[in-house]
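The values are calculated or read from the model by the stated rules, or taken from the named source; none is laboratory data. Just so it is clear, the model here is predicted, and its values are computed rather than measured. Neighbour counts run over all protein chains shown; Cβ positions are idealised from the backbone, glycine included.
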Amino acid sequence: MNFHQLISIIPLMAHIEASTSSQTYECPRHLYQLLIVRSGHVQILMQDQEPIVCAQAYAFHSEHGAFKIQVPKTRAADYTLITYRMLPEDHLWSLRGPLTTLSEYKIHYMIDELLRTTHEIHPLTADEEAAHQVRKRMMLERILFIYLYESHLTEEKKPASVSIEETLSYINEHYMVELSLPMLARRAAMSVGYFTVLFKKHTGTTLMDYLYDLRIEKAQKMFQQTDLLAKEVAQRVGFMDYFHFSKVFKKRTGMSPRTFLIKQKEI
């Protein structure tokens, strides 16, 4: 699949559906479907094929026939299925198979907007409806572009050590937001197990220990350089729960945030 096909055709969304349960679907003739897994993972079951584990996205072609999206019994998953058409219909559109991205937050934001605008029930004028349709078309095209571009990037194999270094740079820049092992593993295009082993081999510590050490180091600097309250510092370095922050801070420094602040004032 390449961008040359996308130049001459226009994607139009036909339907969007969010689900957290196992469902069976069939891609209608002359239509295409895009599965986006927003949390957890699912299995894709298609006739005469081995089950496919999907943690990011998968593109279905009408030639796939019926398929089932199966949510694991022991774990929750949240996914969205977009059904769309390409105009003119006689143009080639060969996007199919697994897709990856490094821009999950962007895509999830656009999915939320597509779901919201699709399910709005208040009456719209003709101009408002036209504007909504153009906006949805632009967002769908943007989603397809991101998957096309970033799937191509991840196809270019690079040493695992480079992926871990890129992950460390990402953590150092985004330590203050919610970061999870599955999300960072997907970003590095690795399984969670493989990513865990490589991360510890490369850094000598686990992902969460590395993240907590970094956050506490940043908190200490904030205590030294600002007059922010301890609760404000906790939030700014990525802890939404102050008591959790206090516990982690004491474990890593040997003193509570309050004691640390008192000692700083004595210096």
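If you go through region 145-157 one residue at a time, do you hit one that is within 30 Å of His15 (Cβ to Cβ), among the small types (Gly, Ala, Ser) and out of contact with any Cys (no Cβ under 6 Å at 6 or more places or on another chain)? Yes: region 145-157 contains one or more residues that are within 30 Å of His15 (Cβ to Cβ), among the small types (Gly, Ala, Ser) and out of contact with any Cys (no Cβ under 6 Å at 6 or more places or on another chain). Does region 90-108 contain any residue that is assigned by TED's automatic domain parsing to the domain that holds Arg137, within 15 Å of Gln23 (Cβ to Cβ) and polar (S, T, N, Q)? Looking through region 90-108, none of the residues is assigned by TED's automatic domain parsing to the domain that holds Arg137, within 15 Å of Gln23 (Cβ to Cβ) and polar (S, T, N, Q). Of the numbered criteria (1) under 30 Å from the mean Cα position of the chain (by Cα); (2) surrounded by 14 or more Cβ atoms within 10 Å (Cβ to Cβ); (3) among the polar types (S, T, N, Q), the one Thr206 fails is (2). Restricting attention to region 224-267, the residues being β-branched (Val, Ile, Thr) and outside any helix (DSSP H, G or I) number 3.
Based on what the data block shows, is Thr80 surrounded by 15 or more Cβ atoms within 10 Å (Cβ to Cβ) and at pLDDT below 85? The answer is no for Thr80. Among the candidates Gly193, Gly204, the residue that is on the phi > 0 side of the Ramachandran plot and without any contact (Cβ under 8 Å) to a residue 60 or more places away in the chain is uniquely Gly204.
Residues of region 245-257 that are surrounded by 12 or more Cβ atoms within 10 Å (Cβ to Cβ) and either assigned by TED's automatic domain parsing to the domain that holds Val177 or of a type outside the set (S, T, N, Q) (or both): Phe245, Lys247, Val248, Phe249, Lys250, Arg252, Met255, Pro257. For region 180-195, state whether one or more residues are outside any helix (DSSP H, G or I), within 18 Å of the chain's Cα centre (by Cα), modelled with pLDDT of 90 or more and not assigned by TED's automatic domain parsing to the domain that holds Ala57. Within region 180-195, none of the residues are outside any helix (DSSP H, G or I), within 18 Å of the chain's Cα centre (by Cα), modelled with pLDDT of 90 or more and not assigned by TED's automatic domain parsing to the domain that holds Ala57. Filtering region 171-192 down to residues that are farther than 20 Å from Arg38 by Cα and not β-branched (Val, Ile, Thr), which residue is surrounded by the most Cβ atoms within 10 Å (Cβ to Cβ)? Taking the candidates together, the pick is Tyr175. Applying the criterion of at least 1 residues that are among the hydroxyl-bearing types (Ser, Thr, Tyr) to the strands (runs of 3 or more DSSP E) found wholly in region 1-108 leaves 10-19, 23-26, 32-39, 57-60, 78-87. All of Arg137, Arg116, Arg142 fail the test of being free of Cβ contacts under 8 Å to residues at least 24 places away in the same chain and not in a strand (DSSP E or B), apart from Arg116.
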